[in-house]
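K.L.:
Got a structure here, written out as structure tokens. Questions coming.
The values are calculated or read from the model by the stated rules, or taken from the named source; none is laboratory data. Keep in mind the model is a prediction, meaning the values are calculated, not measured. Don't worry about glycine lacking a Cβ; one is built from the backbone with ideal geometry, like all the others, and counts go over all protein chains shown.
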Amino acid sequence: MTSPNRVTLFYSPQTRATGARVLLEELGAPYDLHVLNMKAGEQRQPAYLAINPLGKVPAIRYGDALVTEQVAITIFLADLFPQAALAPSLDDPLRGPYLRWIAYAGSSFEPAVVDRFMQREPGPIAMSPYADYDTMLGALEAQLARGPYLLGDRFTAADVLWGIGLDWTMTFGLVPKKHAFVRFAERVTSRPAFQRVSAADAEMAAQHAAAVGG
């Protein structure tokens, strides 16, 4: 039986869940993986749809709390393990900017990137959640250009979310490899936590592919 003091991470390799696992490693948090082979469609089975009806990872369980959505998980975990100091406290002047940029990842960056990938025409600026692609990306670039991290000198859970997100989207050509983005992503992905998880992901992904004859 899983200890109520351990986080259960519903997980599949080389997905958005990778960021949650890297964050858990950065936090030094005790956790267990509940692994889903997405190549075999396990995320669409009733058992997991009871956890997240969207059939998406990551999701986490901690005691009686079940949390989905990458942004919510980032905030929840960083606050849950304050000893790691990866989240500004409520009375810290950086708390507002920290939450702003975490929310920006889900509310502006991802919709813009998905529209770009799908080659969809964005809605009018007044209706679009991200105004327009260039404006959205320009605001992020300006913030990261101040460096070395999203909030200056302080490394936070927001950097894990953004570093991995930018690394992935640049790899697939969804975001241009601008200097500020490349420098920032390299700073995050060179950390030991990311390196450990990346190596484990590669092995697990190979096992999942083999299990379905891939």
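K.L.:
Kindly provide the set of residues from the range 36-65 that are of a type in the set (A, V, I, L, M) and touching a residue at least 40 places away in the same chain (Cβ under 8 Å), ordered by number.
P.N.:
M38, A40, I51, V57, A59, I60
K.L.:
Kindly indicate whether G163 is in a helix (DSSP H, G or I) and either crowded, with 17+ Cβ neighbours inside 10 Å or among the acidic types (D, E) (or both).
P.N.:
The answer is yes for G163.
K.L.:
Separate question: Of the numbered conditions (1) at pLDDT 95 or above; (2) among the β-branched types (V, I, T); (3) surrounded by fewer than 19 Cβ atoms within 10 Å (Cβ to Cβ), T2 satisfies every one except a single condition; which is it?
P.N.:
In the conditions (1) at pLDDT 95 or above; (2) among the β-branched types (V, I, T); (3) surrounded by fewer than 19 Cβ atoms within 10 Å (Cβ to Cβ), T2 misses (1) alone.
K.L.:
Against the condition crowded, with 23+ Cβ neighbours inside 10 Å and touching a residue at least 12 places away in the same chain (Cβ under 8 Å), how does G19 come out, does it pass?
P.N.:
yes
K.L.:
Something else about it: Kindly check whether there is at least one residue in the range 108-127 that is in contact with a Pro (Cβ under 8 Å, 6 or more places away or on another chain), of a type outside the set (G, A, S), assigned to a loop (DSSP other than H, G, I, E, B) and more than 24 Å from V7 (Cα to Cα).
P.N.:
No; the residues of the range 108-127 include none that is in contact with a Pro (Cβ under 8 Å, 6 or more places away or on another chain), of a type outside the set (G, A, S), assigned to a loop (DSSP other than H, G, I, E, B) and more than 24 Å from V7 (Cα to Cα).
K.L.:
Which of the residues that make up the range 148-157 are touching a Lys or Arg at 6+ places or on another chain (Cβ under 9 Å) and in contact (Cβ under 8 Å) with a residue 24 or more places away in the chain?
P.N.:
Once the filter is applied, which keeps residues that are touching a Lys or Arg at 6+ places or on another chain (Cβ under 9 Å) and in contact (Cβ under 8 Å) with a residue 24 or more places away in the chain, the range 148-157 yields P148, Y149, F155.
K.L.:
Go through (1) modelled with pLDDT under 95; (2) within 14 Å of R21 (Cα to Cα) for G147 and report which single condition fails.
P.N.:
(2)
K.L.:
Also: Whether any residue in the range 36-47 is closer than 20 Å to H208 by Cβ, buried (at least 19 other Cβ atoms within 10 Å of the Cβ) and touching a Leu at 6+ places or on another chain (Cβ under 9 Å) is what I want to check.
P.N.:
Among the residues of the range 36-47, at least one is closer than 20 Å to H208 by Cβ, buried (at least 19 other Cβ atoms within 10 Å of the Cβ) and touching a Leu at 6+ places or on another chain (Cβ under 9 Å), which makes the answer yes.
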